[in-house]
1. Taking residue 136 as meeting all but one of (1) under 22 Å from residue 15 (Cα atoms); (2) assigned to a helix (DSSP H, G or I), write down the number of the exception.
2. Being farther than 14 Å from residue 33 by Cβ, out of contact with any helix residue (DSSP H, G or I) (no Cβ under 7 Å at 6 or more places or on another chain), buried (at least 19 other Cβ atoms within 10 Å of the Cβ) and at pLDDT 95 or above narrows it down to one of 134, 127, so name that one.
3. Within region 18-49, which residues are over 20 Å from residue 123 (Cα atoms) and either at pLDDT below 90 or within 16 Å of the chain's Cα centre (by Cα) (or both)?
């Protein structure tokens, strides 16, 4: 909870007076596809990510009159060192290969792919830009359209 929720609350609490003084801006929170669907055997993580969405929705309501937008990005499986550790542990627990687990994660999305850090960054840049000036209170999945949050291998 401290990493996934408290940190975003504390950052928002610190930045809100600055954004009000600046006449507006954008707060971007990171949730997860687990914050949309839940995630078996990872209840604390899923609960924290659901809470991030509740925090963001409330901030959007409270801060809209000040010209401050709040949105949440929900990444799916982001390719990188953290997920490689998840894949390795899951492969060991299931007695299968990392490749099979990676394929299982990709098969759980309609686009049959993993997300990159660049995909998340591109959405953050858009949401922070004037092009998204009327986008607030939204949960935006960047996940290749998760169909199955619990891929079976």
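The values are calculated or read from the model by the stated rules, or taken from the named source; none is laboratory data. Just so you know, these numbers come straight off a predicted model, no measurement behind them. All Cβ positions, glycine included, derive from the backbone under ideal geometry; neighbour counts span all protein chains shown.
1. Among (1) under 22 Å from residue 15 (Cα atoms); (2) assigned to a helix (DSSP H, G or I), the lone unmet condition for residue 136 is (2).
2. Details: 134 fails: buried (at least 19 other Cβ atoms within 10 Å of the Cβ).
So the residue among 134, 127 that is farther than 14 Å from residue 33 by Cβ, out of contact with any helix residue (DSSP H, G or I) (no Cβ under 7 Å at 6 or more places or on another chain), buried (at least 19 other Cβ atoms within 10 Å of the Cβ) and at pLDDT 95 or above is 127.
3. Step one: list which residues in region 18-49 are over 20 Å from residue 123 (Cα atoms), which gives 18-23, 37-48.
Within region 18-49, 37, 38, 39, 40, 41, 42, 43, 44, 45, 46, 47, 48 meet the criteria.
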